[in-house]
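Everything below concerns the one structure shown next.
The values are calculated or read from the model by the stated rules, or taken from the named source; none is laboratory data. Predicted, not measured: the structure shown is a model, and the values here were computed from it. Neighbour counts are summed over all protein chains in view; Cβ atoms, including those assigned to glycine, are modelled from backbone coordinates with ideal geometry.
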Amino acid sequence: MTRTVQNSGSITSMFRLALLSTSCAALLPAAALAQVVDDEDSIIVTAERAVAATKTDTPLTEVPQSISVVTAQDFQDRTVVDFQDIYRYSAGVASNNSVDSRGDFVLTRGFDAAQYLDGLKRMPDFIYGARLETFTLERAEVLRGPSSVLYGAGGPGGVLNAVSKLPQFEFGGEAGIIVGTDDRIQGQIDITGPLAEGVAARFVGVLREGKTQWGTPDDRLLINPSLRFQPGPNTDITLIGLYQKDKQGSLGYAPIFKSLLAPNEAERVKFNFYQGEPGFNGMDTEYASAALIFSHRFNDAIAFRSASRYSHMDTDYKEVYANYTAEPWEDEAETLLRREFYVNYEKSKVFNSDNNISIDFTTGAIEHKVLLGVDYTWFKQSKDEGFSYLDFFPFPAPPPIDIYDPEYGVPFDFGAFNFLDYKSTQLGFYVQNQMSYADRVHVVLGLRRDKATSKRNGVSELSQTAWSFRGGIIAEVVKGVSPYFNYAESFLPVPGGDFFGNPYAPRTARQYEGGVKWEPMRGALLSVAYFDIKESNYISQDPGNIQNFIQGGSVGSTGVEVEAVVRMPENFELTASYSYIDAKVIASSSTLVEGDRLAAQPRQLASIWGSKTFMVGDDWQVRTGAGVRHIGNKIDAGQAFLTPSVTLVDAMISATGGQWVASVNASNLFNKKYYDLCSLLAPTHGLCTAAKDRTLLASITRKF
């Protein structure tokens, strides 16, 4: 028996609102553009340029690919708490709406997005680890589609590249306190300035105590010092250190027939019902990294850039959860929920380095910027794991829990065994040529050669080489209007393996993309894109084991994205987007059936955000903002249940007087109680994961 809930509501009105807002934005008076800074710093202020697409500082209107930039001001306005929150208003991006301490899970165009920091992949996939702290970031970029030519491990969906705050040669900074829902209290400081001639430093620090919506810890200590040297006008050297210690909880899973599909209120569990053990469940991580970013310009035509980072992380993850893949009930009344435990002790080390040289030259009427580069990634992981429900692990299951009157703290035995020692490397060589004609036609061609190796418990499991290609063209056919087309490929070695130790094979994909970018005036950009992606060796959730992921089959994604961004610094901002993404199975596997939708990917996404700054007298200004987000329905891995769509409202208000800023920010303002994803695992049982309820933050900040 299959129960399916159809999508409730329509996004027609949201789409019309986005189009209307976009049209209005195009009619804004050109005089307002005088407020836009027109120099190198505009990459931060107006977000009109990006580095992720080409690894060179390139205007968005000269990139034949879909890319968006989210600024630090956006982080503050839109109540960004975790890295995945940054992209909630970006076209084609579906962020996880629950609070999962294991990581930030973001889909772009139907696929998991690779996460990078300063152009280097932060950590390989399938690692329980410390989440990126957004207060350490200057901005973030989303590069949509396969990007292996430049990144190697980019994946088919795209790249999320975060940019660290770097030392500045002018003194400045801020210190603030944030209090909010879930007993959150956070102190943070960011201070930068010169130490001597040609030397600058920066210090970013965060200290937080709080809870998740399930009452488990959400604590963080972060120290992020950096030092910058400019021994001459053409050389820049930056050292970045980071230490982060987190204590966080784990997800809560509710029985589907006692939550979303409860027949009546009497049988419905509390929205934030927690099946785990608050004193046991959680993830403690200790993460440390050191990075070196070096650049040198030899002359007007030749420049060299190098970025390297080493990181080490210890993870202690423990979880008691309900095993919904079997009969979950201990009693006929269906009040005592059976539970299992899972423990995971990981130690991981990552070293990666990217080095390239750019050469500018001209052949006739064509300007060239050639990029020659090599990057290298080394990864090592050891893991001890323990389970209660597998026969070869001699640990009994934790006691069942009463879902209506839970009693926590009942002791139980648990343990772990050495399960995995894993090593992998990837070496890539790439070349790219950006060609421009008459400053109106821009062509990008790229080629890459990769070699990836891995060993599991000392036995070689992978040694593979691959070529990746990329090509695109964009042309300004009339003033401000630039249609484009691109073709791109990806090659993604996947570290590790499934729950039972079977290694994963590399994932490969290709994409065709066409679109148009319209810049009606400085500070405004409207982009429309159509894409077609196909990937082999896809990895999907095992419907019979929530801890396992299975590889096989081919999947595809086609769709349309519309995004409009208008930025008038310290005055007005508007962001609107709409996405239709048809992500489905192309070739079947043991867990995939041809024609089925990809799990957890909404077909439709729509959002609109606007903010405005008002002067109040000579010394005060008030900034207000509000946004609406629509998230379409999602299918579960077993294709048995559609989690309903939802529409959410966010808002903010801040007041600035002199050096002081006071703000109140809210996401999910009206405290909509909804579920991020539900799965029907059998006709009689399944599970739901509660989405994040309202987040309300009040802060006071002193600027320097």
field: Of all residues in region 603-631 being hydrophobic (A, V, I, L, M, F, W, C) and touching a Phe, Trp or Tyr at 6+ places or on another chain (Cβ under 6 Å), the one that is surrounded by the most Cβ atoms within 10 Å (Cβ to Cβ)
entry: Ala606
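Which residue, of Tyr310, Tyr317, is touching a residue at least 40 places away in the same chain (Cβ under 8 Å), part of a strand (DSSP E or B) and closer than 17 Å to Gly103 by Cβ? Break it down into steps so the answer makes sense when it comes.
Values: Tyr310 fails: closer than 17 Å to Gly103 by Cβ.
Result of the check over Tyr310, Tyr317: Tyr317.
So which strands (runs of 3 or more DSSP E) are wholly in region 452-563 and hold at least 3 residues that are touching a His at 6+ places or on another chain (Cβ under 8 Å) and at pLDDT 95 or above?
Details: elements: 459-475, 481-492, 507-521, 524-536, 539-541, 549-551.
In region 452-563, 459-475 are the strands (runs of 3 or more DSSP E) which contain 3 or more residues that are touching a His at 6+ places or on another chain (Cβ under 8 Å) and at pLDDT 95 or above.
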query: Within region 357-380, is even one residue in contact with a helix residue (DSSP H, G or I) (Cβ under 7 Å, 6 or more places away or on another chain) and modelled with pLDDT of 95 or more?
result: no
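Give me a count of the residues in region 129-150 that are in a helix (DSSP H, G or I) and more than 22 Å from Val431 (Cα to Cα). Show your work before the answer.
First, the residues of region 129-150 that are in a helix (DSSP H, G or I): 134-136, 148-150.
Now narrow it down to the ones that are more than 22 Å from Val431 (Cα to Cα): 134-136.
Of the residues in that region, 3 qualify.
If I filter region 53-94 down to residues being over 17 Å from the mean Cα position of the chain (by Cα) and in a loop (DSSP other than H, G, I, E, B), which single residue comes out as surrounded by the fewest Cβ atoms within 10 Å (Cβ to Cβ)? Before the answer, list the steps.
Start the filter on region 53-94 by keeping residues that are over 17 Å from the mean Cα position of the chain (by Cα), which leaves 54-65, 73, 77.
Cutting the leftovers down to in a loop (DSSP other than H, G, I, E, B) gives us 54-57, 63-65.
Numbers: Thr54: 23, Lys55: 21, Thr56: 17, Asp57: 10, Val63: 24, Pro64: 27, Gln65: 27.
Restricting to residues being over 17 Å from the mean Cα position of the chain (by Cα) and in a loop (DSSP other than H, G, I, E, B), the top hit is Asp57.
Suppose we keep only residues that are of a type in the set (Gly, Ala, Ser) and modelled with pLDDT under 90 within region 410-439. Which one would you say is surrounded by the most Cβ atoms within 10 Å (Cβ to Cβ)? Even if it seems obvious, please write down each step before you answer.
Initially, region 410-439 is screened for residues of a type in the set (Gly, Ala, Ser), giving 415-416, 424, 428, 436, 438.
Narrowing the set further to residues that are modelled with pLDDT under 90 leaves 415-416, 424.
Details: Gly415: 13, Ala416: 17, Ser424: 22.
It comes out as Ser424.
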- request: Go over the candidates Arg49, Arg122 one by one and state the one that is of a type outside the set (Gly, Ala, Ser) and within 25 Å of Gly282 (Cα to Cα).
  value: Arg122
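Do you know which residues across region 668-691 are hydroxyl-bearing (Ser, Thr, Tyr), more than 12 Å from Ser98 (Cα to Cα) and not in a strand (DSSP E or B)? Talk me through it step by step, then tell me what you get.
First pass over region 668-691, keeping only residues hydroxyl-bearing (Ser, Thr, Tyr): 674-675, 679, 684, 689.
Right, trim to more than 12 Å from Ser98 (Cα to Cα) and you get 679, 684.
If the condition is that a residue be hydroxyl-bearing (Ser, Thr, Tyr), more than 12 Å from Ser98 (Cα to Cα) and not in a strand (DSSP E or B), then Thr684 is the only one that fits.
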query: Among the residues of region 151-166, is there at least one that is more than 21 Å from Val555 (Cα to Cα), part of a loop (DSSP other than H, G, I, E, B), over 15 Å from the mean Cα position of the chain (by Cα) and in contact (Cβ under 8 Å) with a residue 60 or more places away in the chain?
result: yes
- request: Pull up region 564-592, narrow it to residues that are outside any loop (DSSP other than H, G, I, E, B), crowded, with 22+ Cβ neighbours inside 10 Å and among the β-branched types (Val, Ile, Thr), then point me to the one that is farthest from the chain's Cα centre (by Cα).
  value: Val566
- prompt: In region 452-470, which residues are surrounded by fewer than 16 Cβ atoms within 10 Å (Cβ to Cβ) and under 18 Å from Tyr430 (Cβ atoms)?
  reply: Gln464, Thr465, Trp467, Phe469
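Listed residues Arg208, Arg202; which is over 17 Å from Ser98 (Cβ atoms), of a type in the set (Lys, Arg), under 23 Å from the mean Cα position of the chain (by Cα) and part of a strand (DSSP E or B)? Reasoning before the result, please.
Values: Arg202 fails: under 23 Å from the mean Cα position of the chain (by Cα).
Exactly one of Arg208, Arg202 is over 17 Å from Ser98 (Cβ atoms), of a type in the set (Lys, Arg), under 23 Å from the mean Cα position of the chain (by Cα) and part of a strand (DSSP E or B), namely Arg208.
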Number of the condition not met by Met615 [criteria: (1) in a loop (DSSP other than H, G, I, E, B); (2) without any contact (Cβ under 8 Å) to a residue 24 or more places away in the chain]: (1)
